[in-house]
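The values are calculated or read from the model by the stated rules, or taken from the named source; none is laboratory data. Keep in mind that what you see is a predicted model, and the values were worked out from it rather than measured. FYI the Cβ positions are ideal-geometry reconstructions off the backbone, even for glycines, and counts take in every protein chain you see. Note: areas computed on protein heavy atoms with side chains; ligands, DNA, RNA excluded. Shrake-Rupley method; radii C 1.70, N 1.55, O 1.52, S 1.80 Å.
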Amino acid sequence: MSGNAIPSTRAKADKAAFGIALFLAALSALIFWDASRLQAVASYSRVGPATIPTVIAACLLGLAVWTAVAARAGDFPRRERQEIGPVAWVVGGLVLQMLCLKTLGFSIATGLLFAMTAAAFGKRKLHVTIPLGILLCLAIWLLFAGLLQLSLPAGPLEHLLRR
Amino acid sequence: MSTFDFLLQGLLVAMQPMNLIYALIGVTLGTAVGVLPGIGPALTVALLLPVTYRLDPGGSLIMFAGIYYGGMYGGSTTSILLNTPGESSSIVTALEGNKMARAGRGGPALATAAIGSFVAGLIATIGLAFIAPAIVKLALVFGPREYFALMVLAFVTVSSAFGDSTLRGLTSLFLGFALAIIGIDQLTGQTRMSFGVPDLLDGVEVTTLAVAMFAIGETLYIAAQGEQGPDKVEAVRGSVWMTGQDWARSWKPWLRGTVIGFPIGAMPAGGAEIGTFLSYATEKRLTKHPEEFGHGAIEGVAGPEAANNASAAGTLVPLLTLGLPTTATAAIMLAGFQQYGLQPGPLLFATNPQLVWGLIASLLIANFMLLVLNLPLVGLWVKLLTIPRPWLYAGILTFATLGTIGANPSVFELGMLLAFGLMGYLMRVFGYPIAPVVVGLILGPLAEQQLRRALAISQGDPSVLFTSPIAAVLLAIAALALIVPAVLRARGKGQVLSQLAASED
Amino acid sequence: MKHFLMTTFLSAALALPAFAADYTIIAPANPGGGWDQTARSMQQVMQQAGISGNVQVQNVPGAGGTIGLAQFSSQGQGNPNTLLVGGYVMVGAILTNHSPVTLRDVEPIARLTGEYEAIVVPASSPIQTMADLVAELKKNPGAVSWGGGSAGGTDHIMAGLIAKAAGVDPKAINYIAFSGGGEALAAILGAQVTAGISGYGEFESQIKSGTLRLLAVSSAERLPGVDAPTLKEAGLDIAVQNWRMVAAAPGLSAEQKAAVSADVEKLAKSPQWAEVLKTKGWQDTYLAGEAFKEQLDKDIAATETILKDIGLVQ
């Protein structure tokens, strides 16, 4: 995934990379805390339920320090400009699907996701893409839930077809 | 009757026209469901088993074999074309396969996967027929300490998927380990990193993580490039089919993948993924084109795909010879066998030869049908890549969530999909490799459990980890794999040697 | 080809006559396990015996069934068309996971099947009888490693009960939890552990072929066709049954409850179910209504005690 990343030539402290170091340190602290409350249930192994998490947390702490050093030296690859708009469309679609799945059923929820993802890539005509997505997902629902017995949540549309 | 007579008889039954049709239906259905990301062969077989109840025993057995192999194979197509692994054992396929597809070489990638699966399935099924008793003896020698050594070896090989930075590769791997802690500790029943959330008790599902990181993370990343992103993918560059060079570069990885995958599949705690990791690392070390790895090397598809399918046949070894269901899929197959009045176990080959050989013959036929079904479709599949980006990525997300919903229709699971998708996106932005996270999640718990079991059995004496001959050999190989390239790099002489060293990180 | 396929399925789908009640059965485990098989067998029998025309099985895996249980009790509330498969393992899992939802939050309908635990050693082991094993355990509890299923599950509870009955501190047992029956069985066959505990069915074919030696079974009386003493005969006062049950959603009216109970009884008394029990080797331990609830309460209390003794529950 990182194959075409180009290392930065400017040796300048990288704020975002410091953020990563901070995140790793926080994760490490969380694991330390969680491991500390585990009780050593009678076992003949000296390696108990808390041992491995503690080791992992220690290594993460080490990686956090290493990341911070690399960030200071500006060793992180140069990042391309990220456009937030399309990302928001896709994330919005996923959130919407998550919220609607149980009430509106598979087809409508996933149809919305379909339309919003298409919108992220430039197809913004939602009045066309939403019905298209719902129809497509209804066909998928018929195939997988109807014929292949997969249990996919049913909503009003699906119930209409079942009756 | 001798072994051969039974096999021939089984083949004759399986090759009746009606049974061939059943095999084709089984393979088609298995592929159709198995292709869904998140729905592995276990659920595929469980869902489709009732379909076979309506047929006579012969037909149902053969359709069942088709479903099994179809379900095992289904995941590789989506891995290659959509960068969306259908199940955990086709994650490695996505690494090189999708890069090939992006470069207009999707056809050869799909073809080498299909033919490699066929070759591996053929050899492994024959292996199942003739050397199963020997393989199973080897599998039983593996106790916790041997498994632990095997995991250590697998960890060492992970470094081959680290990308260009050791720091970021290691960070990815440890993120995977951190995720692996979540859930109930299997050996003591205590909950770790779950914070009282019941949905976290069972830990993070490997396929959820893989689908989120690969499919959703990638979609977000491409979307974020906006209009200046890469132009439409060139679906076919050069031939759709494998060229002579592709064949020359594929056949050895197929065979090596089979040799690696079959015994590991036969091990009760082996698992198909580990075979694919080892195969990928092996091919990366042995290739004459190390510079292509990470950018679409055909060996990196051929080997792991062969290993994946060989281990599918390997799983049947303990099942048929010992009655040991070592995977969820095998446990469902066991239930499937019972409908034929077949009780898998040590006496099966002796008491029920017709059915056993019928099954093996069915597997051979199903394997062949898989090739018949998939090769002609290669041309059609690569056309998928010419779909305009809005529809392609909308389709990928529909498909990715469909699999997750089908496996477990829970809002929480979808939330995890989104969270890990965002994580995958951010990791791409900052140049972190994705594969080590997934690998850490798969291998981490296995290694931890086996280590703790080994130490508990020895009552805390760590020397047991090195005193078994098999464990010692595996650990020695792992040590060599770490040390030798480092030493060679330090000396830096000879072109081949520096190539070896270059492939190390 | 495609047409053939479509017509096969469509005709099969349309051929089903309409019935009053559709059911969704929740199997709180992954496909392949005992609960999943129970749920799928119920699906098959309910359709074949004409109890219901459309039965779906849904897997909600995780945490010894407690995730499925929690989801069932909250989402199924008042829905007479959903059923939950569960079993004894759930009792232990609820305690060890501190599950906020317990079996009291659903409506247990009936116990359907049961399985007895078997204690085995590899054929090469010097241990010949249960008495030998108990002697070893008394000599050095740590040196006797027990291989079985997940921590806090039936197998683990059995090991604790054996230690307790033999006068050994249950905390001192060296229990090695394996994921899934296959892995545990492989470790026992490979003599990686001293003894193995699991359902008799898991071991049956190995015992018959002579690769495992059966020391005792956990039933109250000897099992027909099984040549081994009960634990009681071996001097350990233990009888454990790993049962599987079916429960309905909470909040049903009395009529709805009666209707579900009637359907489940019809299922359990049908010849098709008897056939399933035979092919799967499950014992019929059908017990319904108040009698089942009483037994359930007893099991829960006993399980809590032993889990505390083992140290898994504080």
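The mean number of Cβ atoms from other chains found within 10 Å of a Cβ in peptide C:228-240 is 0, as a whole number. Counting Cβ atoms of other protein chains within 10 Å of each Cβ in A:61-72 and taking the mean gives 2.
DSSP finds beta bridges in the protein assembly as shown, and of those with both partners inside it, around 65 percent are antiparallel. Phi angles across the range C:242-252 convert, under the Karplus curve 6.51 cos²θ - 1.76 cosθ + 1.60 with θ = phi - 60°, into 3J(HN,Hα) values of 8, 8, 10, 10, 10, 10, 9, 6, x, x, 8 Hz, Gly and Pro given as x.
Distance distribution P(r), the range A:84-162, all Cα-Cα pairs, bin width 10 angstrom from 0: 21, 49, 24, 5, 0 percent. Summarising the label geometry, the points placed 7 Å from Cα in the beta-carbon direction at C:Thr129 and A:Val128 lie 8.6 nm from one another. When each of the peptides C:261-273, C:218-230 is scored by the mean number of other C-beta atoms lying within 10 Å of its residues, the order from highest to lowest reads C:261-273, C:218-230. Computed over protein heavy atoms with a 1.4 Å probe, the accessible surface of the protein assembly as shown works out to 37 Å² per residue. Think of the range C:115-217 as having a plus end and a minus end, set by charges on the Cβ of Lys, Arg, Asp and Glu; of C:Met158, C:Ser209, C:Leu133, C:Leu133 sits farthest toward the positive end of this dipole. What is the range B:96-206 by shape, rounded, prolate or oblate, if you read a ≥ b ≥ c off the alpha carbon gyration tensor as root eigenvalues and call it rounded for a/c under 1.5, prolate for a/b larger than b/c, and oblate otherwise? Since a/c reaches 1.5 but b/c is at least a/b, the shape of the range B:96-206 is classed as oblate. Ligands, DNA and RNA left out, the accessible area of the range C:120-179 computed with a 1.4 Å probe is 54% carbon and sulfur. Neighbours of B:Val197, meaning other residues whose beta-carbon lies under 13 angstrom from its beta-carbon, give a summed charge of -3 when Lys and Arg score +1 and Asp and Glu score -1.
Since only C:Val226, B:Ala435, C:Ser253 are under comparison, the one whose Cα sits farthest along the positive direction of the charge dipole of the protein assembly as shown, derived from C-beta charges on Lys, Arg, Asp and Glu, is B:Ala435. Surface composition of the range B:348-466: carbon and sulfur make up 76 percent of the accessible area, probe 1.4 Å. Averaged over the residues of B:122-131, the number of partner chain Cβ atoms lying within 10 Å of the residue Cβ comes to 0.
So what's the angle, to the nearest 10 degrees on a 0 to 90 scale, between helix A:51-72 and the longest Cα principal axis of chain A? Value to nearest ten degrees: 80.
In chain A, helices alone account for a calculated mean residue ellipticity at 222 nm of -22000 deg cm²/dmol, with every DSSP H run of four or more residues adding -39,500 (n - 2.57). Summed over qualifying helices (DSSP H, 4 residues or more, each -39500 (n - 2.57)) and divided by its residue number, chain C shows a 222 nm mean residue ellipticity of -14000 deg cm²/dmol. Counted by Cβ distance under 15 Å from C:Arg222, the other residues give a net charge of -3, where Lys and Arg count +1 and Asp and Glu count -1. For the protein assembly as shown, a crude dipole built from +1 on the beta carbon of Lys and Arg and -1 on the beta carbon of Asp and Glu, taken about the Cα centre, is about 2180 debye to the nearest 20.
Only DSSP H runs of four or more residues enter the estimate; each adds -39500 (n - 2.57), and after division by the residues of chain B the mean residue ellipticity at 222 nm equals -24000 deg cm²/dmol. Only the Cβ atoms of Lys and Arg (+1) and of Asp and Glu (-1) were treated as charged; on that basis the dipole of the range C:115-217 about its Cα centre amounts to roughly 300 debye. Over the range C:115-217, Cα pairs under 8 Å with separation of 6+ residues give a relative contact order of 45 percent.
Packing here is the average count of other Cβ atoms within 10 Å per residue, and on that basis the peptides A:58-64, B:273-279, highest first, run B:273-279, A:58-64.
With the simple model of a label 7 Å out from the Cα in the direction of the Cβ, C:Ala220 to C:Gln48 spans 3.1 nm. Which FRET efficiency, nearest 0.05, do A:Val65 and B:Phe195 yield, Cβ-Cβ r, R0 35 Å? Approximately 0.85, to the nearest 0.05. The count of lysine pairs in chain B that are at least 8 places apart or cross chains, and whose C-alpha atoms lie under 25 Å apart, stands at 10.
Helices that extend 18 Å or more along their long axis by alpha-carbon positions and average at least 0.0 on the Kyte-Doolittle scale are, among the DSSP H runs of chain B, B:17-34, B:57-82, B:106-141, B:144-158, B:166-181, B:299-322, B:353-383, B:389-407, B:411-429, B:435-457, B:469-491. Ratio of Rg to Rh for the range C:78-228: 1.01 [Cα atoms; Kirkwood radius as inverse mean 1/r over pairs]. Buried area at the C:B interface is about 3700 square angstrom, summed over both chains, from accessible surfaces computed with a 1.4 angstrom probe. Going from the chain on its own to the full set of protein chains, the range B:413-440 has these residues losing 10 Å² or more of accessible surface (heavy atoms, 1.4 Å probe, no ligands, DNA or RNA): B:Leu414, B:Gly415, B:Leu418, B:Leu422, B:Tyr425, B:Arg428, B:Val429, B:Phe430, B:Gly431, B:Tyr432, B:Pro433, B:Ile434. For the cross-link pairs C:Lys171/C:Lys232; C:Lys139/C:Lys171; C:Lys164/C:Lys232; C:Lys164/C:Lys298; C:Lys139/C:Lys208; C:Lys266/C:Lys298, the ones whose C-alpha atoms lie over 20 Å apart are C:Lys171/C:Lys232; C:Lys139/C:Lys208; C:Lys266/C:Lys298. Accessible surface buried by the A/B pair amounts to about 6400 Å², both sides summed, 1.4 Å probe. Taken about its Cα centre, chain B carries a charge dipole of roughly 720 debye when the Cβ of each Lys and Arg holds +1 and the Cβ of each Asp and Glu holds -1.
A crude spin-label estimate for the pair B:Trp241 and A:Gln39, with each label 7 Å from Cα along the Cβ direction, gives 6.9 nm.
Using only the Cα atoms of the protein assembly as shown, build the gyration tensor, take square roots of its eigenvalues as a ≥ b ≥ c, and label the shape rounded, prolate or oblate: rounded if a/c is under 1.5, else prolate if a/b is larger than b/c, else oblate. In terms of gyration-tensor shape, rounded.
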